[in-house]
Amino acid sequence: MNTPWWKESVIYQIYPRSFMDSNGDGIGDLQGIISRLDYLKKLGIDVIWLSPIYQSPNDDNGYDISDYQAIMTEFGTMEDFDQLLSQAHMRGLKIVMDLVVNHTSDEHRWFVESRKGGEGPYRDYYIWRDGKEDGKAPNNWGSCFGGPAWQFDQERNQYYLHLFSKKQPDLNWDNPAVRKDVFDMMTWWCDKGIDGFRMDVISLISKTAEMPDGEIRGLYGDYSPYCVHGPRVHEYLREMNQKVLSRYDLMTVGETAGVTPKEACLYAGNDTGELNMVFQFDHVGNCGPYGKWTDKRRPLTQLKEILSTWQTSLEGKAWNSLYWDNHDQPRAVSWFGDDRPLYRVLSAKMLATCLHMMQGTPYIYQGEELGMTNYPFKGPEDFHDIESIHAYEEWCKSGLVSHQEFWPCITAVSRDNARTPMQWDDTSQAGFTTGTPWMPVNPNYKEINAQAQLADPDSVFYYYQKLIGLRKKYPVIVHGRYCLLMPDSQELFVYERILGDEKLLVLCSFADHETSFPVPEEFAAGSCLISNYEGGPKNGALRPYEAAVIRKASV
Ligand code: GLC
Ligand code: CA
């Protein structure tokens, strides 16, 4: 059987607002992306995943869509999109679109009609409920972005459910007309020639009918037991697959917070007829006293256990998606690595090695290939992201926790870290815009930028390029079995990949000091395929953040 292309691909995620501005208004746009396609081609990636580019009032930067079949005015026009698609295809690059259909914007025509109530066709497009007898919300659920998950609507005289902001009402997937409209819209994009979908919070689309109160977390009740992997989610995805996905040659990846390996085999099993891959959250998810807001990292032993469990449980049954960061996460090198000047480059390359040598499809988030870092926030007024702004209000301003205590937590993981403009060169605004960027550039752009790295053969950029090249050359990287070694080491992440006689040893040090490590006999005569130190590992020890891949000599 032929290997599907998405198993052999490397995906690059673009957050369009912050990627490249072509007209000086400070906002990234489609022409900006077109102007950087050659850069992406040079990196060697195969697929671009575009975060949402549709018409949106931008309450959540495009994840609140008011028209699925129009381009956000600030990003350009449908002609620009068609040009982007054909320019990408000309270079052999595929385009995967973000599909945000758990909710729409409250400015979407469907919602505008729905809130009128009456007997109109859009009446049941959203999740409407009467208030309790005392007029209070139907239950105690809190929204992901702070505040209650229910908003009272004066016009309709009922509450509507919004798991995210109140400008993101949840669609009612139990209504067949909603499904039909969503599938028709998807078909329209497929007919344009796009190459796949990344499905936003797709594990939330089916809600249990009863909607009981949830366990209190912070100020509100937790909706997850009643909305995550809800009763009909697999039925809906199979229907979507049958009516749309299976009719095209696509790649699909579902964002599925709360997913377990077992559940992943349902969403993305080899023959379950739903999706190709899921994004799991076990390795990035945090849970401290303030929910996701924490600056405490997991011990390496735990990280290894999580990633290894995903590697082995999906083997032969489903396919992993591999990522360290994206537009919702802190910068990989700052969270999982070490962004101090002495170690930034070394640890960025080490993390890349660790991820790209695993089984699955690797995702690179814009700027990760340069080792871009978290942003040095000075105060809450620096936040742009709705989630960070509301979290600061809910936890700090309300007095649940002191600023002093909360500040390191929120700045460590704020989504704004990933959303500062791409650092192209050392000119003003990092070459992102000739105007004033919608969000400030990280002040380290003079040192960390694409132009400098393209001129330096030892840069993080060329290291990623080399890793991608290795994936294309050695089938063991795509198909090999994964086997963790030294699970108890608190400093080293070491694993093997095995395919027939072919065997790779992947060595990654997560320590900022030297660690003893005798290269196993079997690999002593092997060849070093890549390393972040000149000459590869010296016998007996790994240097700070050292990484290497050793290929066993053939017999
Ligand atoms: C997903 C997106 C995130 C967005 C949320 C609501 O988690 O990745 O950016 O805020 O869904 O659409
Ligand atoms: Ca622009």
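Read the figures in this text as sums done on the coordinates, not as results from a lab. Everything numeric in this text was worked out from a predicted model, so none of it was measured. Methodologically, a virtual Cβ is constructed for each residue, glycine included, from the backbone with ideal geometry; neighbour enumeration extends over all protein chains shown.
Applying a threshold of 31 Å to the alpha-carbon distances of 243/349; 167/397; 192/466 flags 243/349; 192/466 as lying beyond it. Taking a virtual spin label 7 Å from the Cα of residue 297 along the C-beta vector, which residues in the stretch 319-345 bring their backbone nitrogen under 20 Å of it? Label zone hits: 322-345. Solvent-free Debye calculation, one equal scatterer per alpha-carbon of the stretch 28-77: log10 I(q)/I(0) at 0.19, 0.26, 0.30 Å⁻¹ equals -0.67, -0.95, -1.09. Sequence-ordered 3J(HN,Hα) estimates for the stretch 343-354 from the Karplus curve with 6.51, -1.76 and 1.60 and θ = phi - 60° stand at 10, 4, 5, 4, 6, 5, 5, 4, 4, 4, 4, 4 Hz, glycine and proline given as x. Each residue of the stretch 219-232 was assigned a 3J(HN,Hα) from its phi angle through the Karplus expression (A = 6.51, B = -1.76, C = 1.60, θ = phi - 60°), giving 9, 10, x, 8, 7, 4, x, 9, 10, 7, 6, x, x, 10 Hz with x at Gly and Pro.
Label sites at residue 397 and residue 534, each approximated as a point 7 angstrom past Cα along Cα to Cβ, lie 5.4 nm apart.
Sorted largest first, the spans of the alpha carbon positions of the stretch 74-212 along the three principal axes are 61, 31, 29 Å.
Taking amide H atoms as placed 1.01 Å from N in the peptide plane, the amide H of residue 70 lies under 5 Å from those of 55, each 5 or more residues away in sequence or on another chain. Can you tell me the orientation of helix 300-314 relative to the chain, as the angle in degrees between its alpha-carbon axis and the longest Cα principal axis, to the nearest 10? The helix 300-314 is inclined about 80 degrees to the chain. Here's how it looks for residue 364: its modeled amide H is under 5 Å from those of 11, 12, 13, which are all 5 or more places away or on a different chain.
How long is the gain from residue 451 to residue 309 if the chain were fully straight, where each residue apart is worth 0.36 nm and the alpha carbon distance is subtracted?
Values: separation 142, 0.36 × 142 = 51.12 nm, distance 3.86 nm.
That works out to 47.3 nm of additional length.
Calculate how steeply helix 460-473 sits against the longest principal axis of the alpha-carbon atoms of the chain, using the helix alpha-carbon long axis, and give the answer as 0 to 90 degrees to the nearest 10. Long axis of 460-473 versus the principal axis of the chain: about 80 degrees. With the crude spin-label approximation of a point 7 Å out along Cα→Cβ, what separation in nm comes out for residue 69 versus residue 553? Spacing of the two 7 Å Cα→Cβ label points: 6.5 nm. What do you get for Rg/Rh over the stretch 308-371 if you use C-alpha atoms and the Kirkwood form of Rh? Radius of gyration relative to Kirkwood radius: 1.02. Here's the list of lysines a cross-link from residue 552 could span, going by alpha-carbon distance under 17 Å and ignoring same-chain residues fewer than 8 apart: 473, 503, 538. Evaluated at q = 0.12, 0.15 Å⁻¹, a Debye calculation over the C-alpha positions of the stretch 440-554 (equal weights, vacuum) places log10 I(q)/I(0) at -0.50, -0.74. In plain terms, the bigger the Kirkwood radius, the slower the diffusion; for the stretch 105-170, with that radius from Cα pairs, at 20 °C and 1.002 mPa s, Stokes-Einstein puts D at 181 µm²/s. To the nearest ten degrees, helix 78-90 and the longest principal axis of the Cα atoms of the chain are 20 degrees apart. Based on Cα atoms of the stretch 492-555, Rg over Rh with Rh as the Kirkwood radius reads 0.96.
Each 20 Å bin from zero holds the following percent of Cα-Cα pairs in the chain: 21, 56, 22, 1. Let me check I've understood the local charge: for residue 227, count other residues with C-beta under 9 angstrom from its C-beta, Lys and Arg +1, Asp and Glu -1. What total comes out? So the surrounding residues net to 0.
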